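The values are calculated or read from the model by the stated rules, or taken from the named source; none is laboratory data. Predicted model only: the values in this text are computed from it and were never measured. No Cβ is skipped: glycine too gets one built from the backbone with ideal geometry, and neighbour counts run over all protein chains shown.
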Amino acid sequence: MKILDWQQLDDDGKKAALRRPYTNACAVRDVVYDIIMAVREKGDEALFEFTRRFDGSEPEKLRIGGDEIEAAWVALDEDAKKAMRRAYGNIKTFHQAQQPKTIKVEVEPGLICERIARPIDCVGIYVPGGTAPLFSSLMMAAIPAKLAGVGRIVVASPPGKDGKIAPVILAAAKLCGLEEIYSMGGAQAIAALAFGTQSVPRVDKLFGPGNQWVREAKAQVTQMPGGPAMDMPAGPSEVMVLADEAANPDWIAADLLSQAEHDPKAQVLLLITSMNAARAVETATLKQLKTLPRADIARKSLENARLICVQGYEQMLEIANRYAPEHLIIQTERPEGMVEGIRNAGSVFVGAYTPEALGDYASGTNHVLPTAGAARAYSGLGLESFIKFITVQRASQDALSFLGPVVQTLARMEELEAHARAISLRLDVR
């Protein structure tokens, strides 16, 4: 961890303080391309081959049976079921409120324009299951997909050494009413979802987080002819905390570590108004780190951590908007007053009693969020992520007579005579 004084940094120092951990995409690009091409060429055979090579397991089949999904849910203890149902209910409530409305406007007499919503036909959800079985990510995608009316939801998750998907992921799928789950992971799973195999259907849009191999595969398949769309650019998790001397250093430390334990490449940043308070947070973080089960991962992440002393709240907001964090936590004396100044962030957690972990699981908001500064232009996952909008227009004969000459003029200005003729032929029959 580094403690820095923003006022003492020159422009290069400020850029370095906000720099994300470097990920060498070039190192995986060619390997991922070869995996995608192999899956496209050999289908299921390639999936089994890559599962043996990368996951070290020998699954008997790709698709998980309904009995296994049911058994995973039944095996959960009642406290676990109760917690998952509570999270499910909150996520559903928040996303249900996002249902879009049809827009219908008479823009001129006799000319009516609409925007109507239609669900995506088929989506694929990737659920990481390597170092941690992220069943919550499945819920975050599946619940809004169901609410949007998506016709077919296909899930992929990597098997463990025993050849099986983590039971808690299967249990979450059961809770969400999902039936089509495939035991496959990594770039090969993305390739299978993108283009289909003998057993796996092709999907129209890809969702879900993943490691650098998964992220690179998603980026590549979306650029290939016939490839699917994807949810958003997403990389290692990140959090920025805004705090002052009134904040509890132990609570800040816990928030920083909750992101650091995700990934060695995860980044945690703190903007705080006192150098002494920054040192107190550092001490609390290192103390809590000693007792974390995933301390090795968190320790590597903390090598990229920055605790930055700033002059005041206005400077905090300036830096936060510049960085555009995935998660932004506000633990200041008057946190509500800062929300209006936030322009760039994936999700904001306001006040000392709103830890980021709340949003990861059960507050109701979605935890699939843009990273690496993409929050400047992208939103987090929501109901609209599973919907596309279609515009509809209807013109009466009178409306065409009134507006048609304008369109003819505009079309000829662009030297597109066929466009103009599509108007004139209709006007001539009057």
Here is a list: Gly43, Gly89. Which entry is surrounded by 12 or more Cβ atoms within 10 Å (Cβ to Cβ), out of contact with any strand residue (DSSP E or B) (no Cβ under 9 Å at 6 or more places or on another chain), at positive phi and of a type outside the set (Lys, Arg)? Gly43
How many of the residues making up the range 187-215 are under 18 Å from the mean Cα position of the chain (by Cα) and modelled with pLDDT of 95 or more? 10
Going residue by residue through the range 310-319, is there one that turns out to be small (Gly, Ala, Ser) and modelled with pLDDT under 95? yes
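Per-residue answers, yes or no, for (1) of a type outside the set (Gly, Ala, Ser); (2) at pLDDT 95 or above:
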position	(1), (2)
Ala71	no, yes
Tyr88	yes, yes
Lys92	yes, yes
Gln98	yes, yes
Pro109	yes, yes
Gly129	no, no
Ser136	no, yes
Val154	yes, yes
Pro159	yes, no
Which residues, taken from the range 332-362, are polar (S, T, N, Q) and assigned to a loop (DSSP other than H, G, I, E, B)? Thr332, Asn344, Thr354
Counting just the residues of the range 258-282 that are polar (S, T, N, Q) and buried (at least 22 other Cβ atoms within 10 Å of the Cβ), which one comes out farthest from His367 (Cα to Cα)? Gln267
If the Cβ limit is 7 Å and pairs must be 6+ apart or interchain, which residue in the range 37-52 that is in the same structural domain as Gly186 (by TED's automatic domain parsing) pairs with which residue that is surrounded by fewer than 18 Cβ atoms within 10 Å (Cβ to Cβ) and not hydrophobic (A, V, I, L, M, F, W, C)? Gly43/Gln198; Asp44/Gln198; Asp44/Ser199; Thr51/Ser57; Arg52/Glu58
Any residue in the range 382-392 that is under 30 Å from Ala83 (Cβ atoms), aliphatic (A, V, I, L, M), part of a loop (DSSP other than H, G, I, E, B) and not assigned by TED's automatic domain parsing to the domain that holds Met140? no
Could you tell me whether Lys15 is surrounded by 14 or more Cβ atoms within 10 Å (Cβ to Cβ) and of a type in the set (D, E, K, R)? no
Single unsatisfied condition, Ala377 versus (1) closer than 23 Å to Asn248 by Cβ; (2) out of contact with any Phe, Trp or Tyr (no Cβ under 9 Å at 6 or more places or on another chain); (3) of a type outside the set (Ser, Thr, Tyr): (1)
Can you confirm whether the range 342-362 contains a residue that is within 18 Å of Ala234 (Cβ to Cβ) and of a type in the set (D, E, K, R)? yes
If you check Ile190 against the conditions, is it β-branched (Val, Ile, Thr), buried (at least 23 other Cβ atoms within 10 Å of the Cβ) and more than 22 Å from Met338 (Cα to Cα)? yes
Residue selected from the range 219-234 under the condition touching an Asp or Glu at 6+ places or on another chain (Cβ under 9 Å) and in contact (Cβ under 8 Å) with a residue 60 or more places away in the chain, by the criterion farthest from Arg299 (Cα to Cα): Pro228
Just to verify a result, which residue in the range 130-178, among those that are crowded, with 23+ Cβ neighbours inside 10 Å and not hydrophobic (A, V, I, L, M, F, W, C), is farthest from the chain's Cα centre (by Cα)? Pro158
Considering each residue of the range 302-343, count those that are touching a strand residue (DSSP E or B) at 6+ places or on another chain (Cβ under 7 Å) and under 24 Å from Asn366 (Cβ atoms), and give that number. 14
Name the residue that is farthest from Phe94 (Cα to Cα), counting only residues in the range 393-430 that are assigned to a helix (DSSP H, G or I) and of a type in the set (Gly, Ala, Ser). Ser424
Condition first: of a type in the set (A, V, I, L, M, F, W, C) and surrounded by 15 or more Cβ atoms within 10 Å (Cβ to Cβ). Now tell me which residues in the range 18-40 satisfy that. Leu18, Val28, Val32, Ile35, Ile36, Ala38, Val39
The condition of being within 20 Å of Leu256 (Cβ to Cβ) and either at pLDDT 95 or above or surrounded by fewer than 18 Cβ atoms within 10 Å (Cβ to Cβ) (or both) holds, among Ala395, Ala357, Ala362, Ala411, only for Ala357
